[in-house]
1. In Å, what Kirkwood hydrodynamic radius results for region 168-296 from the alpha-carbon pair distances?
2. Can you work out the Karplus-derived ³J(HN,Hα) for every residue in region 226-239? Use 6.51 cos²θ - 1.76 cosθ + 1.60 with θ = phi - 60°, whole Hz, and x for glycine or proline.
3. Placing +1 at every Lys and Arg Cβ and -1 at every Asp and Glu Cβ, with all other atoms neutral, what dipole size does the chain have around its Cα centre, in debye to the nearest 20?
4. Going Cα to Cα from Lys282, which lysines come in below 17 Å? Please leave out same-chain ones fewer than 8 positions away.
5. Could you tell me how far the Cα centroid of region 89-109 sits from the Cα centroid of region 115-149, in Å?
6. Straight-line reach from Lys89: which aspartates and glutamates fall under 20 Å, measuring Cα to Cα and dropping same-chain residues less than 8 apart?
7. Taking θ = phi - 60°, what integer Hz values does the Karplus form 6.51 cos²θ - 1.76 cosθ + 1.60 yield along region 159-175, in sequence order, with x for Gly and Pro?
8. Using Cα-only point scatterers and the Debye equation, what is log10 of I(q)/I(0) for the chain at each q in 0.10, 0.11, 0.13 Å⁻¹, rounded to two decimals?
Amino acid sequence: MTIELRQLVQRHTEGLSEANADLVTPVRGLYLIRRTAPSELEHTVVQPLICLVLQGCKRVSLGSGASSYGAGDTMIVTGNVPALTRISKASVANPYLALALDLDFSVITDLVTTAPEAHSRPSAQDTHHELLDALHRLVLLLDRPESLAVLKDGLVREIHHWLLLGRQGLAIRHLGSPDSHARRIARAVAILRANYSKPVQIERLAAAAGMSRSGFHQHFRAITSLTPIQFQKQLRLIEARRLIVSSGKILSQVAFDVGYESTSQFSREYARMYGQPPNRDKRAASARWKTVNANE
């Protein structure tokens, strides 16, 4: 089954115009991923998701732990957390291939509400095979858009069912409870993600989470490992690096676009996070683009 799923993902992604790209599918939150070379260490803020690696290898550091995920391995993330990731095994001949599906809080809520007994505890049996089968059937339907429109919601629901019965089912269950700390903090995180370049009042975030200011700070840090300000700063700097690598904008414009009023402050914080100033990444990106253009 994993081999067939790998072949499907490879076929769907090999037509992408960029060598390293994600295919956004008609299924909300479902992405097919391809990388043709090992990557540098990348900072990201991961949201709740499941990622199934089908070929190649990826190394991920979450909090104090680090893990490698190879073909057939599944990574499940149950919170909005900062991460360091690196594609460690990929090539043009054998690209890194994976699929990722964002966890849907509303689906989880519906499952644990309508069938609480079925989802109150992890299953005594391993549900990995059933999970792979549901993912496989969902990707198969990408070739049949009319059937996909009819069946995708049911398959996404089935996938969440098997996840709730898996070894991280209890943590996923908390995401479905509107009153859980994880779900409350997720509402504040959604505001930060949508407004990362703008000043956001802590009072607004605490109100969205339904917490006092002090309680919000405590639970936000417990769940994300960062303060709200640190979380927003990571979002800004991650987007800044993407713009530096992929656009022709000057650094002052990049700094302004992600919410900085001071270019010098932007450069200091960028260097602190990435280990080198942004102008060095800008020069490296320009050199890569010149090489690509010369070879075309």
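1. Final number for the Kirkwood radius of region 168-296 is 16.5 Å.
2. 10, 7, x, 5, 5, 4, 5, 5, 4, 4, 5, 6, 5, 5
3. Roughly 1120 debye, rounded to the nearest 20.
4. Within the straight-line limit of under 17 Å, Lys282 reaches these lysines: Lys249, Lys290.
5. Cα centroid to Cα centroid, the span is 15 Å.
6. In chain and number order, the partners are Glu14, Glu18, Asp22, Glu40, Glu42, Asp73.
7. Listing the rounded values in order: 4, 5, 4, 5, 5, 5, 8, x, 5, 9, x, 5, 5, 5, 4, 4, 5 Hz.
8. Debye intensities relative to I(0), on a log10 scale: -0.62, -0.76, -1.05.
The values are calculated or read from the model by the stated rules, or taken from the named source; none is laboratory data. Small disclaimer: the values here were computed from a predicted structure and weren't measured. Glycine also receives a Cβ, built like all others from the backbone with ideal geometry; neighbour counts cover every protein chain displayed. What goes into the accessible areas is simple: the full protein's heavy atoms, side chains included, and nothing from ligands, DNA or RNA. Shrake-Rupley method; radii C 1.70, N 1.55, O 1.52, S 1.80 Å.
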